[in-house]
Structures are given as C-alpha cells and as structure tokens.
Amino acid sequence: MTHPVLARAEKLVRVGDIVGAEATLVSLVETEGDQALVLALDDFPAKDLLAVLRDFDSARESVVNLLVSPEQFARAVVLERRYGDISHERLHGMINSVIFRAGADPGEFLAAIAELEGGSEVLADYLHERAENLEHFFRSGVFDFFADGDDSLDELSDDERLDALSDENIGGPFLSHSEVSDHDWMELAWTLRYQQPEIFREVLLILRARARAEEQQQAAAATQAPAPAARPAFGDPDEESAL
C-alpha cells in the first residue's frame, strides 16, 4: 500500500511544487526515520523522483539525494533524456550530488545506471562535452593532454585496447584515485575505466558513434548548401550601360 506521504508528494509534483514535494518526503524521515523513506521510495514513481532530484544538487542538498538507493536513482535518472536538456547541466548536478555523497560507492551507482536500458546513453550524455578528454584518458591513462602517459599499448588497435580494459594485467591505473577525486567528471571517468571497464567501453563507443554521426551531418550540410550566385563578369556585353 502506498504511503500517504507519497500520495501527497505526487500531487505536489503534478502541480509543480517541487520544493513542497521534497519537504513532504523529508517529513517521513523526521517522523519515521531514514529507512522509512528509503523503503517508501521504492513505491514513488521514477518520474516524480526525478523531478525532485533535478531541483537539488551538491550546492542545494536534499535528504532525498542523500538516501536514494542506486536502483531507485538509476530508474529515475534514465528518464532525464526526456527533458531534452542539451547542456546536461541538471544531469551533472544530480549525478555528482548522489553518487559522490559521503559513504556512497560510485561504482555501485554507475553499475545500476548502466544495467537499465538507456543507462549507458545517460552516462554518455554526462561525458559528452568531455569526449576528447575521455579518449585521451583511454589511450594514455592520464587526463592532461601535455603530460606523458603510458605508451606500452601504442601498437594495439582501438579494438584491442578496448578489449584490454577488462584484462587485469593490462591498462592498470596510472593515476591514483586521490589524484582525480574531484567529485566530478574526472573521478567518474576514472571509476568507469578501472572499476567498471565494460561500462567505460560501452560509453566510449557511444561517444565515438555520436562524433561520427555529427561529422557526417556536417559533411552532408556542407554539400547541400547552395553555391553562391555567380556575379556577372565585368564588361558583360549583354549588360546595359549605366551611362
């Protein structure tokens, strides 16, 4: 049976009162404890949970962000693409505030997201603006374009490099976790590459496919663009004199 608090929160989300909905959910913690909210969120519609999560981030924390489970968060965040947010600003805020919260295991959250249909696409959205950094990190083991990375895999093809991600004896970390602990995209990329290599592989392939599609669209647009009208040659005999 749905908890009465959830019913009230759902109604508030429908009328656009996200702050009120969040406060209603938090009231459950105040009356019945943290675990009561964790259990109740299993029955809270993912789209409504997403509406609440989108309004809060590490700069504006919510108890909901601090208690949502990996599975609950994954069900909600895969719906983010419906908003069509090209900048993915809200997505960044949600993911950073939840998976890097104190005591959380980022790898567990990332695995839960990738397990769902569309989950890897969401992670690719998160890293879209960092596609070149991710590619460089994949090839060299470092993020700095000007730093010396490992060149032991230079002879491998991209497919061989991707396969090597899951080999414990190849492609080991060259950066320690403390060096990338920014609670942002670098730490997420590092976690994927060294803790969830298959997910890293899938996200990287998605980003590559998107880059190729964008290049093809740009090339097609360039060929379809009308050529500028030719100007008549100076002194055209058919042109009337201005005199």
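The values are calculated or read from the model by the stated rules, or taken from the named source; none is laboratory data. None of the values given here were measured: they were computed from a predicted structure. Here the Cβ is made from the backbone with ideal geometry for all residues, glycine too, and neighbour counts use every protein chain on show. These area figures cover heavy atoms from the full protein model, side chains too; ligands, DNA and RNA do not enter into them. Shrake-Rupley method; radii C 1.70, N 1.55, O 1.52, S 1.80 Å.
In the stretch 77-109, how many residues are open to solvent by 30 Å² or more (accessible area, probe 1.4 Å) and not in a loop (DSSP other than H, G, I, E, B)?
7
Go through the stretch 55-65 and count every residue that is open to solvent by less than 30 Å² (accessible area, probe 1.4 Å), out of contact with any Phe, Trp or Tyr (no Cβ under 9 Å at 6 or more places or on another chain) and either over 12 Å from I18 (Cα atoms) or assigned to a helix (DSSP H, G or I) (or both). First the steps, then the outcome.
As a first pass, look at the stretch 55-65 and keep what is open to solvent by less than 30 Å² (accessible area, probe 1.4 Å): 56, 62, 64-65.
If we keep only those that are out of contact with any Phe, Trp or Tyr (no Cβ under 9 Å at 6 or more places or on another chain) too, we end up with 56.
Right, trim to either over 12 Å from I18 (Cα atoms) or assigned to a helix (DSSP H, G or I) (or both) and you get none.
Of the residues in that region, 0 qualify.
For the stretch 231-242, indicate whether the set of residues that are aliphatic (A, V, I, L, M), modelled with pLDDT under 90, open to solvent by 60 Å² or more (accessible area, probe 1.4 Å) and over 27 Å from E129 (Cα atoms) is non-empty. Walk me through it before giving the result.
Kept after step one, since they are aliphatic (A, V, I, L, M), are these residues of the stretch 231-242: 233, 242.
Filter again for modelled with pLDDT under 90, leaving 233, 242.
Filter again for open to solvent by 60 Å² or more (accessible area, probe 1.4 Å), leaving 233, 242.
Okay, now just the ones that are also over 27 Å from E129 (Cα atoms), so 233, 242.
Yes - at least one qualifying residue is present in the stretch 231-242.
Determine if the stretch 110-120 includes at least one residue that is β-branched (V, I, T), under 14 Å from the mean Cα position of the chain (by Cα) and either open to solvent by 30 Å² or more (accessible area, probe 1.4 Å) or within 20 Å of L205 (Cβ to Cβ) (or both). Steps first, answer last, please.
Filtering the stretch 110-120 for residues β-branched (V, I, T) gives 113.
Still in the running and under 14 Å from the mean Cα position of the chain (by Cα): 113.
With the extra rule that they be either open to solvent by 30 Å² or more (accessible area, probe 1.4 Å) or within 20 Å of L205 (Cβ to Cβ) (or both), the set shrinks to 113.
Scanning the stretch 110-120 turns up at least one residue that is β-branched (V, I, T), under 14 Å from the mean Cα position of the chain (by Cα) and either open to solvent by 30 Å² or more (accessible area, probe 1.4 Å) or within 20 Å of L205 (Cβ to Cβ) (or both).
May I ask you to say which residue of S62, S97, S87 is of a type in the set (S, T, Y) and more than 14 Å from the chain's Cα centre (by Cα)?
Numbers: S97 fails: more than 14 Å from the chain's Cα centre (by Cα); S87 fails: more than 14 Å from the chain's Cα centre (by Cα).
None of the others qualify; the one that does is S62.
Between residues in the stretch 190-211 that are closer than 10 Å to L162 by Cβ and residues that are in a helix (DSSP H, G or I) and basic (K, R), which pairs lie under 8 Å by C-beta distance while being six or more apart or on different chains?
F200/R193
How many residues, within the stretch 121-146, are touching a residue at least 24 places away in the same chain (Cβ under 8 Å) and open to solvent by 30 Å² or more (accessible area, probe 1.4 Å)?
6
List pairs: first residue in the stretch 104-117 and at pLDDT 95 or above, second residue open to solvent by 30 Å² or more (accessible area, probe 1.4 Å) and basic (K, R) anywhere in the structure, Cβ distance under 8 angstrom, at least six positions apart or on different chains.
L116/R75
Condition check ((1) at pLDDT below 95; (2) in contact with a helix residue (DSSP H, G or I) (Cβ under 8 Å, 6 or more places away or on another chain); (3) closer than 19 Å to D105 by Cβ) across all residues:
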| site | (1), (2), (3) |
| --- | --- |
| T2 | yes, no, no |
| V13 | no, yes, no |
| L28 | yes, yes, no |
| A46 | no, yes, no |
| P70 | no, yes, yes |
| R75 | no, yes, yes |
| L79 | no, yes, no |
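Can you find a residue in the stretch 47-54 that is closer than 22 Å to L192 by Cβ, basic (K, R) and either open to solvent by 50 Å² or more (accessible area, probe 1.4 Å) or part of a loop (DSSP other than H, G, I, E, B) (or both)?
The answer is no, given that none of the residues of the stretch 47-54 is closer than 22 Å to L192 by Cβ, basic (K, R) and either open to solvent by 50 Å² or more (accessible area, probe 1.4 Å) or part of a loop (DSSP other than H, G, I, E, B) (or both).
Can you tell me which residue within the stretch 181-195, out of those that are surrounded by fewer than 21 Cβ atoms within 10 Å (Cβ to Cβ) and not aromatic (F, W, Y), is nearest to L110 (Cα to Cα)? Step through it out loud before you land on a result.
First, the residues of the stretch 181-195 that are surrounded by fewer than 21 Cβ atoms within 10 Å (Cβ to Cβ): 181-187, 194-195.
Within this subset, residues satisfying the condition of being not aromatic (F, W, Y) are 181-184, 186-187, 195.
Numbers: S181: 16, D182: 16, H183: 14, D184: 13, M186: 14, E187: 12, Q195: 10 Å.
Of everything passing the filter in the stretch 181-195, Q195 is nearest to L110 (Cα to Cα).
Please pick out the residue among A21, A7 that is under 27 Å from the mean Cα position of the chain (by Cα) and either open to solvent by 30 Å² or more (accessible area, probe 1.4 Å) or at pLDDT 95 or above (or both).
On the way: A7 fails: under 27 Å from the mean Cα position of the chain (by Cα).
Matching residue, one of A21, A7: A21.
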